[in-house]
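Each remark here refers to the structure printed beneath this line.
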Amino acid sequence: MPVSPNQGSTGGGDAVALTGSHFTGTTAVRYGARKAASFTVVSDTTTATVTPSGNGAAPVSVTTPGGTGVGTFYYLPPPIFRITPPPAGSLAGGNTVILTGLNLYTTSEVRFGTQAAAFTVDSDSQLTVTVPTAASAGPVTITVRTRGGIADTVTYTYLAPPSLTVVTLDSGPVGGGNLVVITGTGFSYTTGVTFDGTPVTSFRIASDTEIDALVPAGALGPADVSITTLGGTTTATNAYTYLGSFAVLGGASVTNTGATSVTGDLGASPGVSVTGFPPGQVTGTIHISDAAATAAHADLVATYNNAAAQIPDATISGDIGGLTLTPGVYNAATSIGLTGTLTLDAQGDRNARWVFQIGSTLTTATASGVLLVNGATARNIIWQIGSSGTLGTDSILAGRFLAATSITVTTGVTVNGQTLARDGSVSLDTNTITRPW
């Protein structure tokens, strides 16, 4: 006696048609020892039944006044499966996932939430599935339907593209190798991080909102930062700036007297004169109008012009010693003095910036200083000096001093930053100058 379909769930409830002859007057239908949940004699040749629960191969018997007909029905266990990681992907779908488990051979439907998915039955233990599209991000249930039942305990997560808020610190050396913290959203399934298209040396997913990365080497100037996740790629334009390797640069020359110590490169361009080393010492390289010095001078010009073009947030005048200034662009129409201590308060923002636009000269008094508090960093302070700067004896200063003409660094001055003269000379005398990155 043909049974169709001849397979179904161990829980019963499947509609099964029995075909043959002389079904009129049927008094009982059994699946093994159990009565059918229901049966209806459709015609003398067909009986419609609903299976009871059961296990394994069960004989199907139909009892009529004329005798008993027998067929076979096979009870199948429900499917069991898991998804091969990663259990996530983009809203666009189209990616392939593998479901592995048991009792998958009779799979008739796979759904991600309410969306049907195309699939291939590779074996009783594996399905290859093409993920359908989704309208919104978030988790959905994967449902697999087989003749043995339904499994719906596995979750797949649709991911929106990530967002990138900020890179901290957002500048560093052209040689790379420094650690930065990238914050944003949707980072849990990050597969790649690049700076201007170059993959980072390494990265760690600290959380869904933070990635820690070692910056690759790059070209002088701004760089785009891209994050690629299973949800897509986002790029933040000019989110990071590669800074040059020079601590001291003179457009015409660099001169030194005494035991000056320079950490970083030192050079002159387009000038060709560097004197006083030794006795001065350079932890870095001395470049005299070579390719590196030429590139550094071009960067100096670009940085100077950019600083000069920024729209001021506030005006300053006279002597700025004793002030506490929060981040911003400060403009002085003429010369500025610094006596005592200027405090720069970043208010917890390590990317906080200060630009001092000084119309003429900058002069710091003896033993004056710049104090950095609450996350302020020397690399993010630019002194754009309209003519020349004089850094007073025994001052302790911070920032990138960019002078249109020249910079005189008098005896005993310590600079956590750069001293760069666009057109003229940098004069040193028993100083300590350390490039701040």
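The values are calculated or read from the model by the stated rules, or taken from the named source; none is laboratory data. It should be emphasised that the depicted structure is a prediction, and the values quoted were computed from it without experimental measurement. For neighbour counting, all protein chains shown are included, and Cβ atoms are generated from backbone atoms with ideal geometry for every residue, glycine included. Ligands, DNA and RNA are excluded from the accessible area calculation, which covers all protein heavy atoms including side chains. Shrake-Rupley method; radii C 1.70, N 1.55, O 1.52, S 1.80 Å.
By accessible area of protein heavy atoms, probe 1.4 Å, what ranking do 385, 396 get, highest first?
The most accessible residue leads, giving 396, 385.
Quick one: which residues, 5+ away or cross-chain, put their amide H under 5 Å from the amide H of residue 88? H built at 1.01 Å from N.
Hits under the 5 Å cutoff: 157.
Measure off, as a whole percent, the carbon and sulfur share of the 1.4 Å-probe accessible area of the chain, all protein chains present.
Details: 9930 of 18270 Å².
Answer for the chain is 54 percent, counting heavy atoms of protein chains only.
Using only protein heavy atoms and a 1.4 Å probe, report how much of residue 353 is accessible, in Å² to the nearest 10.
The accessible area comes out at roughly 100 Å².
Convert each backbone phi in segment 341-346 into a coupling constant with the Karplus relation 6.51 cos²θ - 1.76 cosθ + 1.60 (shift: θ = phi - 60°), then list the ³J(HN,Hα) values in order as whole Hz, x for Gly and Pro.
10, 9, 9, 10, 10, 7
Treating the angle as unsigned and between 0 and 90°, give the value, to the nearest 10°, between the Cα long axis of helix 291-309 and the longest Cα principal axis of the chain.
90
How would you classify segment 296-373 from its alpha-carbon gyration tensor, with a ≥ b ≥ c the square roots of the eigenvalues: rounded for a/c under 1.5, else prolate if a/b is greater than b/c, otherwise oblate? List each step's numbers first, then the result.
Values: a/c = 1.57, a/b = 1.19, b/c = 1.32.
Taking the square roots of the gyration eigenvalues as a ≥ b ≥ c, segment 296-373 is oblate.
With the crude spin-label approximation of a point 7 Å out along Cα→Cβ, what separation in nm comes out for residue 198 versus residue 288?
Here the modelled spin labels are 2.9 nm apart.
Just need the relative contact order of segment 1-101 here, percent rounded to a whole number, with Cα pairs under 8 Å and 6+ apart.
Numbers: 216 pairs, mean separation 28.0, N = 101.
Computed value for segment 1-101: 28 percent relative contact order.
If I take R0 = 35 Å and measure r between the Cβ atoms of residue 178 and residue 116 in this structure, what FRET efficiency does the formula 1/(1 + (r/R0)^6) give, to the nearest 0.05?
Once rounded, the FRET efficiency stands at 0.10.
For segment 53-191, what is the accessible area per residue in Å², given a 1.4 Å probe and the full set of protein chains? List each step's numbers first, then the result.
On the way: 6360 Å² over 139 residues.
With the other protein chains kept in place, segment 53-191 gives 46 Å² per residue.
For segment 342-437, what is the accessible area per residue in Å² when the probe is 1.4 Å?
Details: 2890 Å² over 96 residues.
Dividing the accessible area of segment 342-437 by its residue count gives 30 Å².
List every residue whose amide H lies under 5 Å from the amide H of residue 166, counting only residues 5 or more places away in sequence or on a different chain, with H placed 1.01 Å from N in the peptide plane.
Result for residue 166 returns 183.
Please compute the contact order of segment 92-167 in relative form: average sequence separation of alpha-carbon pairs under 8 Å and at least six residues apart, divided by the residue count, as a percent.
Relative contact order, segment 92-167: 31 percent.
Of the peptides 67-75, 196-204, how do they stack up when ordered by the mean number of other Cβ atoms within 10 Å, highest first?
Put in order of decreasing packing, that is 67-75, 196-204.
Build a GNM of the chain with springs between Cα atoms under 10 Å: which of 257, 27, 361 gets the top mean-square fluctuation?
Its mean-square fluctuation being the largest, the pick is 27.
May I ask you to evaluate 6.51 cos²θ - 1.76 cosθ + 1.60, the Karplus curve with θ = phi - 60°, for each residue of segment 31-45 and list the ³J(HN,Hα) values in order in whole Hz, giving x for glycine and proline?
Calculated HN-Hα couplings, in order: 10, x, 8, 9, 5, 4, 4, 6, 8, 9, 7, 6, 7, 5, 10 Hz.
Say the dipole of the chain comes from +1 at the beta carbon of Lys and Arg and -1 at that of Asp and Glu; which of 337, 373, 401 then lies farthest toward its positive end?
Toward the positive end, the furthest listed residue is 373.
Measuring from centroid to centroid over Cα atoms, what is the spacing of segment 203-225 and segment 366-416 in Å?
Each part reduced to its Cα centre gives a spacing of 29 Å.
Accessible area per residue, 1.4 Å probe, Å², for segment 235-320: what's the number?
43
For every helix of n ≥ 4 consecutive DSSP H residues, a contribution of -39,500 (n - 2.57) applies; sum these over the chain, divide by its total residues, and give [θ] at 222 nm rounded to the nearest 500 deg cm²/dmol.
Roughly -1500 deg cm²/dmol at 222 nm, from the helical runs in the chain.
How much length, in nm to one decimal, is gained on full extension between residue 91 and residue 347, taken as 0.36 nm per residue of separation minus their Cα-Cα distance?
Additional length available on full extension: 88.3 nm.
Between residue 45 and residue 311, what is the label-to-label distance in nm when each label sits 7 Å out along the Cα-to-Cβ direction?
Here the answer is 8.8 nm between the modelled labels.
Scan around residue 256 for amide H atoms under 5 Å from its own, H built in the peptide plane at 1.01 Å from N, and keep only partners 5 or more places away or cross-chain.
Counting only residues 5 or more places away or on other chains, the set is 275, 276, 428.
Taking +1 at the Cβ of each Lys and Arg and -1 at the Cβ of each Asp and Glu, which of 60, 246, 150 sits farthest along the dipole of the chain towards its positive end, judged by Cα position relative to the Cα centre?
60
At 0.36 nm per residue, and after removing the present C-alpha to C-alpha distance, how many nm does the segment from residue 326 to residue 53 gain when stretched out fully?
90.7 nm
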